[in-house]
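First the structure, in the form of structure tokens, and then the observations on it.
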Amino acid sequence: MASTPPSRGSRVAVDSSVYFAAAYSPWGSARELLVWGILGELTLVISDFVYSETEEHLTEKLPSALQYFRQIKEAVGSSVGLPPESLVEQALSILDDPEDAPVVAGAVHGRARYLVSYDRRHLLRKAADIRQAFGLEVVTPEEVLLALGLRSR
């Protein structure tokens, strides 16, 4: 975890696995994280790539959750757009899965302090490399809620 003390409004990038989980279930850390963001206790950073990826996965696997995802998207508001290609290439140099590069690059481009994911196979496994290259903490929703003091142990 980051050594700097947490602060209200910390910038938190959310990947599609978290949006998918929040759209799927009304309970749990993913939904709680997004609610705190909507309430303004943290700043949610989202890229167009993550929005598109989430909608694609929900359409394919869980179309019944699309309506809720669209409501979340509207409540969260605007995205940081697409990251510069040079940043995507830099992220690609340290990641195993090329689909994760725009996610990391979008978080960096949006000046996020945290990248929140459930992707243990790719993103969470590369957390140390991502931290070293970009100063970005890759954590689960529960970990960031604890780090920001929005949930007690």
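Results, tabulated for the structure shown:
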{"read-out": "Some residue of the range 75-95 being closer than 16 Å to Ala21 by Cα and not aromatic (Phe, Trp, Tyr)", "value": "yes"}
{"read-out": "Tally, over the range 101-131, of residues that are in a helix (DSSP H, G or I) and either in contact with a Cys (Cβ under 8 Å, 6 or more places away or on another chain) or free of Cβ contacts under 8 Å to residues at least 60 places away in the same chain (or both)", "value": "13"}
{"read-out": "Selection within the range 112-153 - at pLDDT below 95, in contact with a Pro (Cβ under 8 Å, 6 or more places away or on another chain) and surrounded by 15 or more Cβ atoms within 10 Å (Cβ to Cβ)", "value": "Ala147, Leu148"}
{"read-out": "Helices (runs of 4 or more DSSP H) within the range 1-100 that include 1 or more residues of a type in the set (Asp, Glu), surrounded by fewer than 19 Cβ atoms within 10 Å (Cβ to Cβ) and free of Cβ contacts under 8 Å to residues at least 24 places away in the same chain", "value": "48-61, 66-76, 85-92"}
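The values are calculated or read from the model by the stated rules, or taken from the named source; none is laboratory data. Since this is a predicted model, take the numbers as computed values, not measurements. Note that we place each Cβ from the backbone using ideal geometry, even for glycine, and neighbour counts take in every protein chain shown.
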